[in-house]
Every structure is written in structure tokens, then in C-alpha cells.
Amino acid sequence: MLDHHDRILILDFGSQYTQLIARRVREMNVYCEIHPWDAELADIEAFDPKGVILSGGPTTITGNTPPRTSRELFESGRPVLGICYGMQCLADCFGGSVQQSGKREYGHAEVRIQGDCELFDNLGEAGLPLPVWMSHGDAVTALPEGFETVATSDNSPHAAICHRSRHLYGVQFHPEVTHTEHGTRLLWNFVIHICRCRADWTPTNIVEETIDDVRRRVGNGRVILGLSGGVDSSVVAALLHEAIGEQLICIFVENGLLRLDEAVQVVSTFSEHMGIPVIQVNAENEFLRRLNGVSDPEEKRKIIGNVFIEIFEREAKKIEDAQWLAQGTIYPDVIESAGAKTGKAKVIKSHHNVGGLPQEMKLKLLEPLRELFKDEVRRVGLTLGLPEHMVMRHPFPGPGLGVRILGEIHKDYADTLRLADYIFVTELQHSGWYEKVSQAFAVFLPVKSVGVVGDNRAYEHVIALRAVETTDFMTARWAQLPYDLLARVSNRIINEVPGISRVTYDISSKPPATIEWE
């Protein structure tokens, strides 16, 4: 499918912003992939990128064994853009000097453009300050032969450099983050203007090419899909139905840990309104029995995943002539799983859908969204005609309420949380805040608190509310919801949800480790 598209390669040196670089390139409708910094030159040649971007990273080029890219890459004729550590790696490779900076730069800074480098076209006039985001302790102190300085800052005499004839560029700041003014334009200059990539990685093209690819691979075979009702599996279902029609069979497992009326809505949408066959399995008792007495969040995740696979296998065996298993794997899943396997990234969450195909099922794996980010999945879903409320709904983790009930799971806890979560989300929708926040949900805390309900003291459970804003689902900040909205939500939960005496709003800077968001 990718043979028809120009592409950019991103070599990852471990920066927390690497996926942001990829998202910015994809937003230009240009395909790109993230590969490890030590990718073999033969693999890079096989990928055949129009240009290469070197990410930042946590290490220092002045260390004993810093990660370095082969000079052959820089001599391949392809344009290269080094960002932060990537720029230092570029300068070091050609004999420049990189030293520990006398004053580190982390956060807001200003650079001043010098000269007329095409990387800075339409970013502002020479000499005027350009707000950027810095994150470095080392700095280039002497340029290699053939390079010139095209931007400076107070603490970086070479804040941006270039080698015009080789089309090699480096910036000490991070153009991929929103704090850098005109950063997207700088990346556009590199990807579109310098690398001359065609902007044809569009939802319409993705849908058409994926449908052709699925039809070619599947032929007359039958495909089974585990339908969860989440964005990814819903888009996969719609995409496969468009491609192969009745050859697709969906299995929906009710695990007792879904949102309020989730099962009814999913089955109704796909079976009745879209004509996609759905086999519904009510397994609430089986899940709750296996989870009895378990409080560790990771153990709960594994149990929920294992039970799901057992039930799915059991149901799949009843379907004759099944040859394929479809999954809603998306590109961030692939990146994180690959990083965990190579040791180049920490495991943030475990995935049951990446490489999770049980061998005894003897089915071939089909992952039509494997190359897409979440925002691309959503655009594909809208292109396919899925309802906007389904495609744009907040993410819901695979284990469902299982990781939003802290401690042991009981049915009455799940029922309580379901209703509280429904009230929270409904009030966000009515107030217009649902679209302003990226994810919002309620959490059942395994503690009790004293409260006053009417004329009586109450010693009952606590519900925590969580709402975050994010553009990439990698970093986030708590959403500053209006007090009157929080008061309305709290009053409704106290009055309408039995067994709750207190509601609290979480304003930590990132989601607690025990509450998974996807």
C-alpha cells in the first residue's frame, strides 16, 4: 500500500517528543515511520525515504558511548534534519565540536534567524526573535567544515545550522511541540519544500488503498473481529465490512466492565443499522469470578485479557471456514511494543492486541490500522460514514472499568462507577466541555469517607473525577473545568448514585499509574 506514497523516515534517539514529530508529518498528509537510531543502512534504503529526521534524545554526544548514526546516511543524498540531539549528532559526525553548555536551556527560549536558509522560509524576518522550546544541556560550539549558522539564541551560538549543498539541517530547539511558534511551518519547509514530498496520505486514499489491500489478501476467506465498541475496533469493523461484506463476523464480549448501556449501543449500531453480523456473548459472571480478590492493576489487566482470549477462542471455533483474525492495532501500539522488545523504550502499558494472536487458533492476522495514529483512525472512520459521536468519543481502555476501580472489583462497585461515569460524561456533553477535553472519566476509590446526606451522617465510598487535555495522548495536563460544572456533577452523583458520600476532582499533572488511559 505504501509503494505509491512518498515517505519520511524518523530515526529515534529516545526523545519523549519523537511521536510528535511523526504526527506533525502525518498532519501534512505525508507518510512517515519511526525506526530506531541504529537501523541498518540496508533497511533505510529499502524504506526509500525522501528525507530523514533525527529526533532528540536523553543522552549526551559527549559521553563515552553515545548513539551515533552512520555517516553513510548523510552521504546518501537525502535531505536530513537533526533536532536537538539529532543536530548534535550531525555536527559531531562531520567533525564539529559539541560541549556541555555553560547554561542549560529547558523550556521557553528565543532564536534569531540569520541569513536566508530555506528551512526558515516564511518564519519571520532575520534578527527578530522567534519563540521556541528548548531542551538541552549540550550545545554545538564549533561548526564542521561546509556548515553555516542560520539561527542563534542567547545560550546557543549555533541554534540552527545547515550545509546547503548536502541539504543537511540542524535545529537545537523542538519544532514539533506547540510551544515553538511556526514550528509546524519549519517542518513543512523540510518535508514539502526541501524533500519535495507529495501530500497524498489522505483519509480517502487510505480507505481506498486499504480496501484494495484487504480484498487482495483475504480473497474469499472469512474474517473474525473482536468488537469492543471502542474507536479502533469500530473503524476496523466498518472498513472490513466495506471491503468484504458478509465475510466479516464480529464477536462482542460483554465483560461486565463496560460503560452504561455500552453493549446495547454497540450491537444496535453495527448489527441493526450497519448490517454487520455481531455475535454477542454475555460473560459478566465469568470475568467477575476470575477477578475475585485481585487488586493489583496489572494483574487485573492480564486476567481480563486472558479471559477475553479464552472466550473469543471458544466462540471463534464455532465459526466455520474462519481464516483471519482482525485486530485494531494502531501505530503507537506497534512503536511501544517494538521499543519494549528492543529495550529502547520503557513499557508504559501492555498490549493484548500486538502480537497477541494465540497460536492454537491457527488464524492469519489482519491489522488494517497498523500504520495509523489515533487521529488518522478517526478521520478514516468519518470518511467511512461512522457516526461522529462514535468516532470522536473519548478513548476507553481495553480492561474497561477494571482499571478504574482501584482495588478489588465487585459487581456493585462496577454498577456504581458506571452510573457516576455516565453522569459526569453527560454533564460534560450538555455543557459543551466534552469536545474541549481529550478524556474524562470517573474512578471508584477503595476508601470510605464521612459525609452528610440530608440530616444523617454517611460513611460511604468516594468517586474521583478525572479530565485531561492532550493533543497526542503521550503528555497531558488536567482540564480546568468550571466550578459550577464540577458542582453540578458532584451534586448529581451524591443524589443519584447510591453508596457515594464524597466526590473529588483530580488535578495531578498526569494520570495515576493505576488508571490506564488509551
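The values are calculated or read from the model by the stated rules, or taken from the named source; none is laboratory data. Since the structure is predicted, the reported quantities are computational estimates derived from the model, not experimental observations. We place every Cβ from the backbone using ideal geometry, glycine too, and count neighbours over all the protein chains shown. Only protein heavy atoms, including side chains, enter the accessible area calculation; ligands, DNA and RNA are left aside. Shrake-Rupley method; radii C 1.70, N 1.55, O 1.52, S 1.80 Å.
Counting only residues that are outside any helix (DSSP H, G or I) and buried (at least 19 other Cβ atoms within 10 Å of the Cβ), how many does region 79-99 have?
8
One residue alone among T504, T470 is open to solvent by less than 50 Å² (accessible area, probe 1.4 Å) and modelled with pLDDT under 90, and that residue is T470.
Just checking, does region 438-452 include any residue being in contact with an Asp or Glu (Cβ under 9 Å, 6 or more places away or on another chain), buried (at least 16 other Cβ atoms within 10 Å of the Cβ) and in a helix (DSSP H, G or I)? Among the residues of region 438-452, not one is in contact with an Asp or Glu (Cβ under 9 Å, 6 or more places away or on another chain), buried (at least 16 other Cβ atoms within 10 Å of the Cβ) and in a helix (DSSP H, G or I), which makes the answer no. Considering region 393-433, the residues that are among the aromatic types (F, W, Y) and touching a strand residue (DSSP E or B) at 6+ places or on another chain (Cβ under 7 Å) include one that is nearest to V307 (Cα to Cα), namely Y413. Are any residues in region 412-437 open to solvent by 10 Å² or more (accessible area, probe 1.4 Å), in a helix (DSSP H, G or I) and among the aromatic types (F, W, Y), and if so, which ones? Within region 412-437, Y413, Y422 meet the criteria. When region 281-293 is filtered for residues that are open to solvent by 70 Å² or more (accessible area, probe 1.4 Å) and charged (D, E, K, R), the ones remaining, listed by number, are R289, R290. Filtering region 70-78 for residues that are within 23 Å of L186 (Cα to Cα), polar (S, T, N, Q) and open to solvent by 10 Å² or more (accessible area, probe 1.4 Å) leaves a non-empty set.
State all residues of region 227-244 that are open to solvent by 20 Å² or more (accessible area, probe 1.4 Å) and either modelled with pLDDT of 90 or more or of a type in the set (A, V, I, L, M) (or both); if no residue qualifies, say none. Residues satisfying the conditions are D232, H241, E242. Across region 39-63, which residue is most open to solvent (accessible area, probe 1.4 Å) among those that are within 24 Å of A160 (Cα to Cα) and in contact with a Ser or Thr (Cβ under 8 Å, 6 or more places away or on another chain)? For region 39-63, the residue satisfying everything is P58.
Here D261 meets the list (1) within 25 Å of I409 (Cα to Cα); (2) buried (at least 21 other Cβ atoms within 10 Å of the Cβ); (3) not small (G, A, S) almost entirely, failing just condition (2).
Within region 188-229, being touching a Leu at 6+ places or on another chain (Cβ under 8 Å), in contact (Cβ under 8 Å) with a residue 60 or more places away in the chain and in a helix (DSSP H, G or I) holds for N189, F190, I194, P203, I206, V207, T210, V214, R217, V218. Consider T184 carefully, then state whether it is farther than 21 Å from V80 by Cβ, open to solvent by 50 Å² or more (accessible area, probe 1.4 Å) and either modelled with pLDDT of 90 or more or outside any loop (DSSP other than H, G, I, E, B) (or both). Here the answer is no, as T184 does not meet what is asked. Scanning region 1-38 for residues that are within 24 Å of S70 (Cα to Cα) and among the basic types (K, R) yields one hit, R7. Inside region 312-334, residues that are under 26 Å from the mean Cα position of the chain (by Cα) and small (G, A, S) make up a count of 2. Residues in region 383-411 that are outside any loop (DSSP other than H, G, I, E, B) and buried (at least 16 other Cβ atoms within 10 Å of the Cβ) were compared, and the one that is modelled with the lowest pLDDT is M390.
If the condition is being open to solvent by 70 Å² or more (accessible area, probe 1.4 Å), at pLDDT below 85 and of a type outside the set (A, V, I, L, M, F, W, C), then region 124-180 contributes E125, D154, T178, H179. Residue selection: L357 fails the criterion of being under 22 Å from C250 (Cβ atoms), at pLDDT 90 or above, out of contact with any Cys (no Cβ under 7 Å at 6 or more places or on another chain) and hydrophobic (A, V, I, L, M, F, W, C).
When R196 is tested against (1) on the phi < 0 side of the Ramachandran plot; (2) modelled with pLDDT of 95 or more, exactly one condition is not met: (1). Checking each residue in region 1-57 for being of a type in the set (D, E), assigned to a helix (DSSP H, G or I) and either farther than 15 Å from W201 by Cβ or free of Cβ contacts under 8 Å to residues at least 60 places away in the same chain (or both) picks out D3, D43, E45.
Annotation: of all residues in region 294-328 being among the acidic types (D, E) and assigned to a loop (DSSP other than H, G, I, E, B), the one that is surrounded by the fewest Cβ atoms within 10 Å (Cβ to Cβ) is E320.
Taking the conditions exactly as written (in contact with a Gly (Cβ under 7 Å, 6 or more places away or on another chain), modelled with pLDDT of 75 or more and under 30 Å from E376 (Cα atoms)), does V266 satisfy them or not? Please lay out each step first, then the result.
Values: in contact with a Gly (Cβ under 7 Å, 6 or more places away or on another chain): yes; modelled with pLDDT of 75 or more: yes; under 30 Å from E376 (Cα atoms): yes.
Answer is yes for this residue.
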